[in-house]
Amino acid sequence: MIRSELIQKIADENPHLYQRDVERIVNTIFEEITDAMSRGDRVELRGFGAFSVKKRDARMGRNPRTGDSVPVEEKHVPFFKTGKLLRDRLNGK
């Protein structure tokens, strides 16, 4: 599902809301999650999962084309851990 499909589904299920308002709500939620993660905060949505940021240390990598060693800088990557409810639903429990 892409963002526009999510917006359309919410708008269809809530006919009392204008689509532009639903779009603003969805965009605000995503922006808040992104802003919190950029600050290094953890975002937990009970029953769904938790978004966090993990730090990857600098290391020596390998260029797959040439086989040469190349330095890889330290970086921060997004991480998502599913909640118990979501995990159970995916496994048919």
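The values are calculated or read from the model by the stated rules, or taken from the named source; none is laboratory data. Values in this document were obtained by computation on a predicted structure and should not be read as measured data. Methodologically, a virtual Cβ is constructed for each residue, glycine included, from the backbone with ideal geometry; neighbour enumeration extends over all protein chains shown. Surface areas here come from the heavy atoms of the whole protein model, side chains and all, with no ligands, DNA or RNA. Shrake-Rupley method; radii C 1.70, N 1.55, O 1.52, S 1.80 Å.
Any idea which of S52, I2, T34 is furthest toward the positive side of the dipole for the chain, if Lys and Arg beta-carbons carry +1 and Asp and Glu beta-carbons -1?
Final value for the positive-end residue is S52.
When the dipole is taken about the Cα centre of the chain, and only Lys, Arg (+1) and Asp, Glu (-1) are charged at their Cβ, what size is it in debye, to the nearest 20?
In debye, rounded to 20, the chain gives about 560.
Take the solvent-accessible surface of the protein heavy atoms, probe 1.4 Å, and return the percent of it on the chain that carbon and sulfur atoms account for.
So the carbon and sulfur contribution to the accessible surface is 51 percent.
For the chain, with every protein chain kept in place, what is the accessible area per residue (1.4 Å probe, Å²)?
Roughly 85 Å² per residue, with all protein chains present.
How long are the three semi-axes of the equivalent ellipsoid for the chain, computed from the Cα gyration tensor as the root of 5 times each eigenvalue, in whole Å, largest first?
With the √(5λ) rule applied to the chain, the semi-axes are 36, 18, 15 Å.
Taking the chain as the reference, fit the longest principal axis to its C-alpha atoms, fit the long axis of helix 3-13 to the helix C-alpha atoms, and give the angle between the two in degrees, 0 to 90, nearest 10.
Tilt of helix 3-13: around 20 degrees.
Tell me which aspartates and glutamates have Cα within less than 18 Å of K84's Cα, excluding those fewer than 8 residues away on the same chain?
Partners found: E44.
Report, to the nearest 10°, how far helix 19-38 tilts away from the longest principal axis of the Cα atoms in the chain, using its own Cα long axis and a range of 0 to 90°.
That works out to roughly 30 degrees.
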